[in-house]
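Novice: The structure's right below; bear with me while I get my questions together.
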Amino acid sequence: MLQIPCPWCGPRDEAEFHYGGQAHVAYPADPAALPDEEWARYLFFRDNPKGPFAERWSHAAGCRRWFNLVRDTATNEILEAR
Ligand SMILES: [Zn+2]
């Protein structure tokens, strides 16, 4: 099982966490002004790289805090958590 290093609790089993998707996706400044296609792109389109990927995770069964993590999607190696 993957061990995820919570910045506040330390390493814990993956089962204690919820995946929150790609990190650093900015909310549109004026969402009402966006055409439907751009709104749909914001909602549903995410990168899917093979290699390092910045993600959001929640320690749902622990401290319940959100944090960013950089994980290599090819090897599951965790490169950074904060
Ligand atoms: Zn935690």
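Novice: Would you mind telling me which residue in Tyr19, Tyr42, Tyr27 has the biggest mean-square fluctuation in a Gaussian network model of the chain, where springs connect alpha carbons within a distance under 10 angstrom?
Specialist: Of Tyr19, Tyr42, Tyr27, the most mobile in the Gaussian network model is Tyr27.
Novice: A further question follows. Report Rg/Rh for the chain, rounded to two decimals, where Rg is the Cα radius of gyration and Rh the Kirkwood radius. Show your work: numbers first, answer last.
Specialist: Numbers: Rg = 14.7 Å, Rh = 14.0 Å.
Rg/Rh: 1.05.
Novice: Sort by residue number and name the cysteines in the chain that have no neighbouring cysteine Cβ under 4.7 Å.
Specialist: So far as the 4.7 Å Cβ criterion goes, Cys63 stand without a partner in the chain.
Novice: In deg cm²/dmol and to the nearest 500, what is the mean residue ellipticity at 222 nm of the chain if only DSSP H runs of at least 4 residues count, each as -39500 (n - 2.57), divided by the residue total? Write out the running numbers ahead of the final one.
Specialist: On the way: 1 runs with 9 residues, N = 82.
The helix contribution divided over the chain gives -3000 deg cm²/dmol.
Novice: Tell me, what is the percent relative contact order of the chain, built from C-alpha pairs under 8 Å that lie six or more residues apart?
Specialist: 31
Novice: Here's another thing I want to ask about it. If you take every residue apart from Ala23 with its C-beta less than 12 Å away from the C-beta of Ala23, what net charge results, scoring Lys and Arg +1 and Asp and Glu -1?
Specialist: Working: positive: Arg46, Arg56, Arg71, Arg82; negative: Asp47, Glu55, Glu80.
It works out to a net charge of +1.
Novice: Find out how many positive minus negative residues lie around Trp66, taking Lys and Arg as positive, Asp and Glu as negative, among other residues whose Cβ is under 12 Å from that of Trp66. Intermediate results must be reported in sequence, preceding the final value.
Specialist: Details: positive: Arg56, Arg64, Arg65, Arg82; negative: Glu55.
Taking every Cβ under 12 Å from that of Trp66, the sum is +3.
Any read-out appearing in this document is the output of simple, stated calculations on the displayed coordinates, not a laboratory observation. A quick note: this is a predicted structure, and the numbers were derived from the prediction, not measured. Don't worry about glycine lacking a Cβ; one is built from the backbone with ideal geometry, like all the others, and counts go over all protein chains shown.
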